[in-house]
Amino acid sequence: MIGTHSEFILKPLSKILLEFADISSPLNFGIEEHPLWDYLFMSLFLRLTGAQEQKCKCIAWELATINYEIRRKLFSSGNDLNCSTLKEKNTVFKYQVIGLQDLGVNVDAAFLDDVRLKSYDTAFAKVNIFFEHVESSGLHPRECEFSKDLFCKWNACKGAGVDKIFGKCDSCKEKGNCDARSLKAEKESGLEAIYSRLYLHRNRCAHNVSSYQPNLPDLNKLVSPIYIYENYYTWFMVIMFIDELFINLYKEFEITLTSQYNI
């Protein structure tokens with residue numbers, strides 16, 4: 001392995017998800033247990049988001065160790081790279097691409113689309129094992145099924161590519177082929193919109209906001225058609241997909257370094 005953090009970076013976060021499925025298998029899923037499951041899912045959610053933030057920081061450090069120009073741009077300007085927002089994750093993703101290009105790898109649209117498809121297939125296969133566990137128990141089956149359908153829709157989007165991975169529908173090359181209604185739906189269910197809700201919930205959990213804001217979410221939000229996107233299953237999918245993207249790019253980074261420098 002190249003760097004001191006490589007083992008951690010290459011370890012999929014899906015292992016945490018599947019460990020949870022194994023540990024929780026003896027528990028009941030009756031209606032009387034729902035408050036307990038809310039606590040358990042919150043704990044799992046915080047473990048996953050925290051691990052992903054640390055992984056992004058480790059990737060940034062490994063890139064900066066090899067590539068001094070990346071080090072200068074990432075750290076010398078006093079940037080506080082917390083890696084918790086999608087914008088910060090996108091920054092790390094872009095520098096992974098730059099790091100590969102500086103090593104002579106042809107990171108074109110086809111290359112990135114292949115990474116996206118590989119990441120999607122791996123993430124969906126692993127998360128589906130977790131979904132099968134919770135579906136068999138009847139815990140929130142509607143949200144579970146909805147999350148799988150949403151993830152399939154992301155993969156089928158004609159505008160999928162490097163812009164779609166961390167991009168917005170406004171900049172999508174297929175925007176002209178969507179009518180106003182479907183474009184609005186795409187914006188509400190796109191990765192950026194879903195992650196913004198994930199990030200908001202992450203902050204509420206991490207800082208225990210619910211302890212002094214027990215009235216949230218309000219009734220207007222509960223009846224909103226986009227409230228269906230706010231569930232742990234969807235957020236787990238997003239976390240796993242982003243994790244596989246980082247892992248696949250980092251694998252290419254390690255393979256290239258090994259072949260060029262025999263490290």
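The values are calculated or read from the model by the stated rules, or taken from the named source; none is laboratory data. Since the structure is predicted, the reported quantities are computational estimates derived from the model, not experimental observations. Virtual Cβ from ideal backbone geometry, glycine too; neighbours counted across all protein chains shown.
A compact table of results
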{"read-out": "Filter result for Gly78 (among the small types (Gly, Ala, Ser) and at pLDDT below 90)", "value": "yes"}
{"read-out": "Candidate set from segment 66-104 (those that are of a type in the set (Ser, Thr, Tyr) and free of Cβ contacts under 8 Å to residues at least 40 places away in the same chain); member that is surrounded by the fewest Cβ atoms within 10 Å (Cβ to Cβ)", "value": "Ser77"}
{"read-out": "Tabulated pairs, segment 105-126, first without any contact (Cβ under 8 Å) to a residue 24 or more places away in the chain, second buried (at least 19 other Cβ atoms within 10 Å of the Cβ) and not β-branched (Val, Ile, Thr), C-beta under 6 angstrom, 6+ apart or interchain", "value": "Val107/Leu100"}
{"read-out": "Candidates Val162, Val107 - the one that is modelled with pLDDT of 50 or more and of a type in the set (Val, Ile, Thr)", "value": "Val107"}
{"read-out": "Residue match in segment 56-65 (condition: under 23 Å from Phe151 (Cα atoms), at pLDDT 90 or above and either out of contact with any strand residue (DSSP E or B) (no Cβ under 6 Å at 6 or more places or on another chain) or exposed (fewer than 12 other Cβ atoms within 10 Å of the Cβ) (or both))", "value": "yes"}
{"read-out": "Some residue of segment 25-37 being modelled with pLDDT of 90 or more, surrounded by 12 or more Cβ atoms within 10 Å (Cβ to Cβ), more than 22 Å from Cys205 (Cα to Cα) and not small (Gly, Ala, Ser)", "value": "no"}
